[in-house]
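Undergrad: One structure, as structure tokens, below. Some questions next.
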Number of protein chains: 2
Amino acid sequence: MFLQKTPYKGARDFYPEDKRIQDYIFSIWRQVASSYGYEEYDAPIIEPLELYTAKTSEEIVDQQTYVFEDRGGRKVTLRPEMTPTVSRMVAARRQELAYPLRLFSIPNLWRYERPQKGRMREHWQLNVDLFGVDNIAGDHEIIQLADQIMQKFGAQRDMYTIRLNSRELINHITKNILGLDEAKSQEVIRQIDKKDKIDAFGFDKSIKELIGDKTDKLLGLLGCPEITNLPDELKDLPAVKRLHKLEMMLARDEIVNAKFDITLMRGFDYYTDIVFEIYDNNPDNNRSLFGGGRYDGLVGKFGVEPLPTAGFGMGDVTTKEFLDCHGLMPQLDTRVDLGVILIGDVYQQASSIIKELRNGGLSVAVDATDKSIDKKIKSADKSGYKNVLFIGEQEIAEQKYKLKDLKTSQEDLLTIEKILGKIKFKDN
Amino acid sequence: MFLQKTPYKGARDFYPEDKRIQDYIFSIWRQVASSYGYEEYDAPIIEPLELYTAKTSEEIVDQQTYVFEDRGGRKVTLRPEMTPTVSRMVAARRQELAYPLRLFSIPNLWRYERPQKGRMREHWQLNVDLFGVDNIAGDHEIIQLADQIMQKFGAQRDMYTIRLNSRELINHITKNILGLDEAKSQEVIRQIDKKDKIDAFGFDKSIKELIGDKTDKLLGLLGCPEITNLPDELKDLPAVKRLHKLEMMLARDEIVNAKFDITLMRGFDYYTDIVFEIYDNNPDNNRSLFGGGRYDGLVGKFGVEPLPTAGFGMGDVTTKEFLDCHGLMPQLDTRVDLGVILIGDVYQQASSIIKELRNGGLSVAVDATDKSIDKKIKSADKSGYKNVLFIGEQEIAEQKYKLKDLKTSQEDLLTIEKILGKIKFKDN
């Protein structure tokens, strides 16, 4: 019986060409997060199950977590999201840390679900969180940063929409305007969250089943396209004023694709005020890409003084699909600069020459197998190396080496110094 | 009941100051592996249990793996090592890939064991593997690369020893010289592998229990300090000739701390010929740091044509302890260049100035809270920012901003251009 060669279902192997794509995505994430002063953290992929039972959405914990008992009898989980973990870490040093505290991470997360387009059982997710800013500047920074990532990926403003809403506004509507209790409110919110996945008739019907004669009132409010269309009783709410201010700040940044959307809920129960979502406008990929919002209550659950927090999570799978779908993924070739082909038994004599090339900053792959020169050239080409360098006894004696460009087949006889200059110049 | 703030037992939270240390280690690993033409890959942390039962050491699979059943009834493992995974990936594309194939990865690995110095339940490990080179140049490259990593970390030659041995030689001794069967050979090898952990008397006794009157013969051979001290019947073995050639190649590279050590076994059962180990010479940390060797049989276990392979794995925990212990860990400060302190309600007006600083390549953290200026300065200092920049209405009007060095307390009134020049210059 031979062993299976496939990766675990719903998860991915990353061969070098796949890893380069992931690295490209990670590098833009790191670059933008760092430019805003965020610093990277990390944590174990295993967390106790309790960490999620109180805060994540029920569906995720009950049906989608990887839960198991370790050999010591602890009930543990492969983290399905990072927000509870970073809240735990901040709570553990609540007093020692300086605020505003800016943290980001790129963890891998696990969810047991049916693998489908844009959804894998394992994915990586940029998590950006700002702790200790209770005013609208905090929400603004998080959304501006998310937008800046889209811009750095080369996205045009018409390729995506930034949807904005306020959980406080929604809670006010369900509780004070419609007079629903907490449980009913949650059900209504969950139903609105699923709105895009069901047809309009089915949606209206499901709302009617939940709240009966209050349906028209709710549907009327959900139909408001702009903040200015809201009834006056809502317009005066502090939450709505904050949201309106945020809209104007983003407009001033020329983020013209940011729009109020009263139907935006975001899945997690822990959001407390402003929420946002980046939505792909491409007809072939019309879907939510990622989002986040304010969750002021989470750090306090660890028994420390609560801390205002805003953040978002952005996944690698959806990001890649967005880039592919809009033709924004760059060509990412191998980073190996040079394949060295040894002629004859010169491995030891060539050693100092190769060292010089590496010290000069080149990535050099030596073929010291016993294959023929021809086969070695073919293999270098198959590996994607653009250049090969031939080193034999004669070359070593004359201190000049044949450099061959495998794309153009051009050959030059050059000193090491010239080779370093030529290849480094090409790289830039 | 409040939630626990501690990370899972035996695993680590990485706050920014810890993550910077890990990043420093990873960056040296990546830099050296890349300079040798190795390309990065990755794979899911979950693998089927079968992947390990055949190849990893029994102790690890039976007592130390994280095993569980997923919701679909599959028996899976959090990978305890990466070698079976990379072998699986190469086997899956055995025909399409070009050789020599150079792959590296920095996965996190899980082992259920009692946490102790240098051993955690979760650790990260550089894995470097060279596929398709069946001659000694392959072994040499892997060991030279491992040595180069030590050198890049600033290690001196007297700080560590590179121990070399040959599994083929050991197998020849146990099977042909001592006439032991496969099972007995394995037991003897495991006992020699534990030699450093027990006293000499206990070791001799345990060997005697295993092989009786053949003990003196074995102990005599294990006492040979150099290849040249081996009896002639062994010196003529191809395996010993290869090992001797390797020793001379490393000596030519001025890797004078590489030494033959006939007692070196390496834990895993899959090694087939040359094995090596980097050993810390510091009396306070006298232990094996990491190692590897040739394992030609693994790729073939997946039902494809076998492939000669040599590689090693180097852990982050032991690397950090080595660097700490030898005073080689550099000071790693925050990468945030500038804390911006807003004076009054100028968040929106300051926006374009901050954008200019970020576009200029600086990492800029803005304090837009409602705290007093004094508290903001204290917080910036606590965050480790070396400089703060004050932006208020007057500054915006005059287009000159006060830059304060928090270490020296020096203050300068500068234009954005001057600030960019000054801070970038400082960085270099």
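The values are calculated or read from the model by the stated rules, or taken from the named source; none is laboratory data. Worth saying up front: this structure is predicted, and the values here are computed from it rather than measured. Quick reminder, even Gly has a Cβ in these numbers, built from the backbone with ideal geometry, and neighbours come from all protein chains shown. Ligands, DNA and RNA are stripped out before the accessible areas are found, and what is left, the full protein with its side chains, is counted by its heavy atoms. Shrake-Rupley method; radii C 1.70, N 1.55, O 1.52, S 1.80 Å.
Undergrad: Which net charge results when you count Lys and Arg as +1 and Asp and Glu as -1 among the other residues whose beta-carbon is under 9 Å from that of B:Ile177?
TA: Summing Lys and Arg as +1 and Asp and Glu as -1 gives +2.
Undergrad: Too long at a 28 Å Cα-Cα cut-off: which of A:Lys376/A:Lys418; A:Lys152/A:Lys195; B:Lys19/B:Lys376; A:Lys320/A:Lys424?
TA: Over 28 Å Cα-Cα: A:Lys152/A:Lys195; A:Lys320/A:Lys424.
Undergrad: Express in Å², to the nearest 10, the accessible area of B:Phe312 obtained by rolling a 1.4 Å probe over the protein heavy atoms while all chains stay in place.
TA: 10 Å²
Undergrad: Calculate, for the protein assembly as shown, the solvent-accessible area per residue in square angstrom, rolling a 1.4 angstrom probe over the heavy atoms of the protein chains.
TA: 42 Å²
Undergrad: Please give the net charge around A:Ile106, taking every other residue with its beta carbon less than 9 angstrom from that of A:Ile106, where Lys and Arg add +1 and Asp and Glu add -1.
TA: So the surrounding residues net to -2.
Undergrad: Looking at region A:30-172, send over the antiparallel percent of its DSSP beta bridges, to the nearest 5.
TA: Bridges in region A:30-172 that DSSP calls antiparallel: roughly 90 percent.
Undergrad: Considering only Cα-Cα distances, which of the following residue pairs are longer than 27 Å: A:Lys301/B:Lys9; A:Lys355/B:Lys117; B:Lys355/B:Lys382; B:Lys371/B:Lys400; A:Lys197/A:Lys217; B:Lys371/B:Lys404?
TA: Beyond 27 Å between Cα atoms: A:Lys355/B:Lys117.
Undergrad: Here's a follow-up. Got a number for carbon plus sulfur as a percent of the protein assembly as shown's accessible area, 1.4 Å probe?
TA: Carbon plus sulfur share of accessible area: 48 percent.
Undergrad: State, as an integer percentage, the relative contact order of region A:277-428 based on alpha-carbon contacts under 8 Å between residues 6 or more apart.
TA: Result for region A:277-428 is 17 percent.
Undergrad: Report, in degrees rounded to the nearest 10, the 0 to 90 angle that the Cα long axis of helix B:136-152 makes with the longest principal axis of chain B.
TA: The angle comes out at about 40 degrees.
Undergrad: At a Förster radius of 35 Å, what calculated FRET efficiency corresponds to the Cβ-Cβ distance of A:Phe201 and B:Arg71, to the nearest 0.05?
TA: After rounding to 0.05, the efficiency reads 0.55.
Undergrad: Pick out which of B:Thr309, B:Thr369, B:Thr77 has the largest mean-square fluctuation in a Gaussian network model of chain B, springs linking Cα atoms closer than 10 Å.
TA: B:Thr369
Undergrad: How much solvent-accessible surface does A:Phe322 expose, in Å² to the nearest 10, with a 1.4 Å probe and all protein chains in place?
TA: Counting only protein heavy atoms, A:Phe322 exposes about 10 Å² to solvent.
Undergrad: How big is the antiparallel share of DSSP beta bridges in chain B, given as a percent to the nearest 5?
TA: Bridges in chain B that DSSP calls antiparallel: roughly 80 percent.
Undergrad: Multiply the residue separation of A:Gln331 and A:Glu226 by 0.36 nm, subtract the distance between their alpha-carbon atoms, and state the gained length in nm to one decimal.
TA: 33.7 nm
Undergrad: Which FRET efficiency value, to the nearest 0.05, is calculated for A:Gln399 and B:Gln116 with the Förster distance at 41 angstrom and r the Cβ-Cβ distance?
TA: About 0.15, to the nearest 0.05.
Undergrad: Label-to-label distances across copies for B:Leu222, with labels 7 Å out along Cα→Cβ, in nm, shortest first?
TA: Inter-copy label distances (nm, one decimal, shortest first): 7.6.
Undergrad: Evaluate the distance, in nm, between pseudo-label points positioned 7 Å from the Cα of A:Ser352 and of A:Asn135 along their respective Cα→Cβ axes.
TA: Each label point is offset 7 Å from its Cα along the Cβ direction, giving 6.7 nm.
Undergrad: Nm distances between the label at A:Gln156 and the same-position labels in the remaining copies, 7 Å along Cα→Cβ, shortest first?
TA: 6.2
Undergrad: Nearest 10 degrees, 0 to 90: what angle lies between the long axis of helix B:200-211 and the longest principal axis of chain B (Cα atoms)?
TA: Helix B:200-211 sits at roughly 50 degrees to that axis.
Undergrad: Suppose R0 equals 41 Å. What FRET efficiency, 1/(1 + (r/R0)^6) with r the Cβ-Cβ distance, do A:Ser409 and A:Asp158 give to the nearest 0.05?
TA: Calculated transfer efficiency: 0.40.
Undergrad: Further question: Could you tell me the total accessible area buried at the B-A interface, probe 1.4 Å, in square angstrom to the nearest hundred?
TA: Using a 1.4 Å probe, the pair buries roughly 8400 Å².
Undergrad: May I ask for the angle, rounded to the nearest 10°, between helix B:182-193 and the longest principal axis of chain B, with both axes built from Cα atoms and the value confined to 0 to 90°?
TA: Approximately 50 degrees, to the nearest ten.
Undergrad: Under the definition of Cα pairs under 8 Å and six or more residues apart, what whole-number percent is the relative contact order of chain B?
TA: Relative contact order comes out at 15 percent.
Undergrad: Quick check on the protein assembly as shown: of the DSSP beta bridges with both residues there, what percent are antiparallel, nearest 5%?
TA: 80 percent
Undergrad: Inside 10 Å of the C-beta atoms of A:92-105, what's the mean count of C-beta atoms belonging to other chains?
TA: 4
Undergrad: Same structure, new question: List the distances, in nm to one decimal, from the label point of B:Ile198 to the label points of the same position in every other copy, shortest first, placing each label point 7 Å from Cα along the Cα-to-Cβ direction.
TA: B:Ile198 label point versus its equivalents elsewhere: 6.8 nm.
Undergrad: Multiplying the sequence separation of A:Val256 and A:Asp213 by 0.36 nm and subtracting their Cα-Cα distance, what value in nm do you get?
TA: 11.7 nm
Undergrad: Contact order normalised by length for region A:1-121, with contacts defined as Cα pairs under 8 Å and 6 or more residues apart; what percent is it?
TA: Relative contact order, region A:1-121: 31 percent.
Undergrad: Consider the operator that turns chain B into chain A: which B residue has a Cβ nearest its axis, and what is that gap in Å?
TA: It is B:Phe68, 2, counting Cβ atoms only.
Undergrad: For region A:24-161, what's the radius of gyration and Dmax over Cα atoms, in angstrom?
TA: Rg and Dmax of region A:24-161, Cα atoms, are 16.7, 53 Å.
Undergrad: Under unit Cβ charges (Lys, Arg +1; Asp, Glu -1), what dipole magnitude, rounded to 20 debye, does the protein assembly as shown have relative to its Cα centre?
TA: Dipole of the protein assembly as shown, to the nearest 20 debye: 120 debye.
Undergrad: So which residue, out of B:Arg242, B:Arg30, B:Arg93, gets the largest mean-square fluctuation from a GNM of chain B using Cα contacts under 10 Å as springs?
TA: Answer for the Gaussian network model of chain B: B:Arg93.
Undergrad: Once Rh for region B:110-259 is found with the Kirkwood sum over Cα pairs, what is the Stokes-Einstein diffusion coefficient at 10 °C and 1.306 mPa s, in µm²/s?
TA: 88 µm²/s
Undergrad: Which value at 222 nm does chain A reach when only helices count, each DSSP H run of 4 or more adding -39,500 (n - 2.57), with the total divided by all residues and rounded to the nearest 500 deg cm²/dmol?
TA: The per-residue figure over chain A is -11000 deg cm²/dmol.
Undergrad: Cβ under 14 Å from A:Ser206's Cβ, A:Ser206 left aside: what net charge do those residues give with Lys, Arg +1 and Asp, Glu -1?
TA: +2
Undergrad: Separation between the A:Gln63 and A:Asn286 pseudo-spin-labels, each 7 Å from Cα along Cα→Cβ, expressed in nm?
TA: Between A:Gln63 and A:Asn286, the label points sit 2.5 nm apart.
Undergrad: Name the residues of region B:66-85 whose accessible area, probed at 1.4 Å, falls by at least 50 Å² once all protein chains are in place instead of their chain on its own?
TA: Buried by the other chains: B:Phe68, B:Arg71, B:Arg74.
Undergrad: Around A:Glu39, which amide H atoms from residues at least 5 apart in sequence, or from another chain, sit under 5 Å from its own amide H, with H modelled in the peptide plane?
TA: Close amide H contacts, sequence-distant or interchain: A:Arg102, A:Leu103, A:Phe104.
Undergrad: Just to be sure I understand the interface: list residues from region B:18-44 that lose 30 Å² or more of accessible area between the chain on its own and the complete protein assembly, 1.4 Å probe.
TA: B:Lys19, B:Ser35, B:Tyr36, B:Gly37, B:Glu39, B:Glu40, B:Asp42, B:Pro44
Undergrad: Rounded to whole Å and sorted largest first, list the principal axis extents of the Cα atoms in chain A.
TA: Rounded to whole Å, the extents work out to 92, 55, 48 Å.
Undergrad: Per-residue accessible area for B:Cys325 at 1.4 Å probe radius, Å² rounded to 10?
TA: 50 Å²
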